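Derivation of every value follows stated rules applied to the coordinates shown; laboratory data play no part. For clarity, every value in this text was computed on a predicted model and none was experimentally measured. Counting neighbours? That spans all protein chains shown, and the Cβs are built from the backbone with ideal geometry, glycine included.
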Amino acid sequence: MSEFPLSAELSISPVEEMTFRGRKYFLKRDDLINPYFNGNKARKFDYFLNSDLSEYKKIASYGGNQSNAMFSLAAFAKIKGLKFDYYGKPLPLFLKKNPVGNFKYALDMGMNYIELPDYEQFFRKMSSPEKKYDELGKDTLLIRQGGAEKEAEFGVKKLAREINEWAQEKGINKLSVFIQSGTGTTAVFLQKHLNFRVYTTPNIGNADYLLKQFALLEYNSDNYPVILETKKKYIFGKPYKEFYDIWEEISSENNIEFELLYDPKTLIALAEHNKNTEGEIMYIHSGGTVGNESMLLRYKYKGII
Ligand SMILES: *Cc1c(COP(=O)(O)O)cnc(C)c1O
C-alpha cells in the first residue's frame, strides 16, 4: 500500500456497466473512491474525516483481525495524528509471525492491536447503544465495529444522492440497487435517502440479525431495505469453493477485481433473485479489495485454489 499517498480526498465514484451470467448491470465503482477509504468505509467514515477531532488523542475500535474497517481506521488515525487502539481476539500465531493484508497495512500505519482473551465480553459492552466512551476515557473516540454509527448516514447520503442524480440524468426511473451487508449500516442509510429500492444480503448474521441492526440505527421501518437470503446457508468468513468461483467468474469477465468476503454471497443472491426485481439493476462495488490478499491465502491453505 505504501505506493499510494495517504490522503483523505474522497472522489465521486463512476458508474460503469458490467455483465454477469448473460445480463447487463450498472456497477457503482465505490472501490475507486480512495485507496485507503473505499467502498462503504469511505462513506461511513466521511463524517469523521470532515470533523474536528482536536478534543481526542486516540481512536479506538474493535472487530476481526482482517477487517476492512480496521485498515481504513488505521489510515484515518494516521491522517488525523491520533493514536489507534484496536481490540480483538488473541491473534493466531501464523498471523503474528507473518502479518498480511489489512492486518499488516494497519500495523504499518501505527495500529496498536490489543489482544483480549475475553473479547466477547468487551464486544457486548462496547456495542451497547447507550453506553459509550466511559471506559476508554473522554479523549478516546470509539468507533463501533465496522463503523456501525449514526454518523455513517452523512456519507451514505452522498452515495444515495450520487445514484439519484445519475438515474435522473440517464432518464432511468425503474432501478433496483443491490448492496452487501455486514452490520447493515450502509444498506439502511442508503435506502433512507435513495429514490429506488435497495436489496441487500446479510453476510455476518441472518435476516433477523440485520433487522435488529437496522432498528438500532433507524426507527422508521419504511426505510429498511429488502433482505435477500441465499438458498444455501453460509458461515461468514469461511472459504467456499462456490464463493471463489463466482468471484473469479465476475472479476475476469469484467476485468475488475471484486471483493472476496462480501461480494460472493451477495452475487449468489443477485443471481437467485434478479428476475423478481424491477427495471435496471445497479450493483454496488463496496471496495475492500485489500482484504483479498489474506482471503486468497485462506483459499490456498484450504486447497480450494
Ligand atoms: C465493511 C464492508 C461491508 C459491510 O458494510 P456494513 O455497512 O457493515 O453493512 C460490505 N462490503 C464490504 C466490501 C465491506 O468492506
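Rounded, prolate or oblate: which one fits segment 43-148, using the alpha carbon gyration tensor with axes a ≥ b ≥ c (rounded when a/c is under 1.5, else prolate when a/b beats b/c, else oblate)? It comes out oblate by the Cα gyration axes. Judged by the mean number of other Cβ atoms found within 10 Å, the most tightly packed of the peptides 156-166, 3-13 leads the ranking 156-166, 3-13. Residue ranges 22-31, 69-78 sort as 69-78, 22-31 when ordered by packing (mean number of other C-beta atoms within 10 Å per residue, highest first).
As I understand it, the value is the acute angle between the Cα axis of helix 207-217 and the longest principal axis of the Cα atoms of the chain; what does it come to in degrees, rounded to 10? Around 60 degrees separate the two axes.
Could you grab the Rg to Rh ratio for segment 149-305? Cα atoms only, Kirkwood for Rh. Please report the intermediate quantities before stating the final value.
Values: Rg = 15.8 Å, Rh = 16.3 Å.
So for segment 149-305, dividing Rg by the Kirkwood Rh gives 0.97.
Note on the chain: helix-only mean residue ellipticity at 222 nm, from DSSP H runs of 4+ residues weighted -39500 (n - 2.57) and normalised by residue number, equals -12000 deg cm²/dmol.
All Cα-Cα distances of segment 4-76, cut into 10 Å bins from zero to the largest, leave 17, 41, 27, 12, 3, 0 percent in each bin in turn.
Relative contact order of the chain: what whole-number percent is it, with Cα pairs under 8 angstrom and at least 6 residues apart?
Values: 518 pairs, mean separation 65.5, N = 305.
That works out to 21 percent.
Separation of segment 217-289 and segment 78-139, taken as the distance between their Cα centroids, equals 28 angstrom. Take every pair of alpha-carbon atoms less than 8 Å apart whose residues are at least six positions apart; their mean separation over the length of segment 43-148 yields a relative contact order of 37 percent.
Given their separation in residues at 0.36 nm each and the Cα-Cα distance between them, Ile305 and Phe4 gain 105.4 nm when the chain is fully extended.
Working from Cα positions, state the angle (0 to 90°, nearest 10) between the long axis of helix 263-273 and the longest principal axis of the chain. Helix 263-273 and the main axis of the chain meet at about 30 degrees. Within a straight-line Cα-Cα reach of under 24 Å, Lys125 can be paired with the following lysines, leaving aside sequence neighbours fewer than 8 residues apart in one chain: Lys41, Lys44, Lys57, Lys58, Lys83, Lys89, Lys138, Lys150, Lys212. Working note: Karplus 6.51/-1.76/1.60 with θ = phi - 60° gives segment 138-147 the couplings 5, 8, 10, 8, 8, 10, 5, 3, x, x Hz, where Gly and Pro are set to x. Compared with the dominant Cα axis of the chain, that is its longest principal axis, helix 152-170 is turned about 20°. Hey, which of these cross-link pairs are over 25 Å Cα-Cα: Lys265/Lys302; Lys78/Lys302; Lys275/Lys300? In this structure, Lys78/Lys302; Lys275/Lys300 exceed 25 Å between Cα atoms. Put simply, the Cα atoms of the chain extend 50, 44, 39 Å along their principal axes, the longest span coming first.
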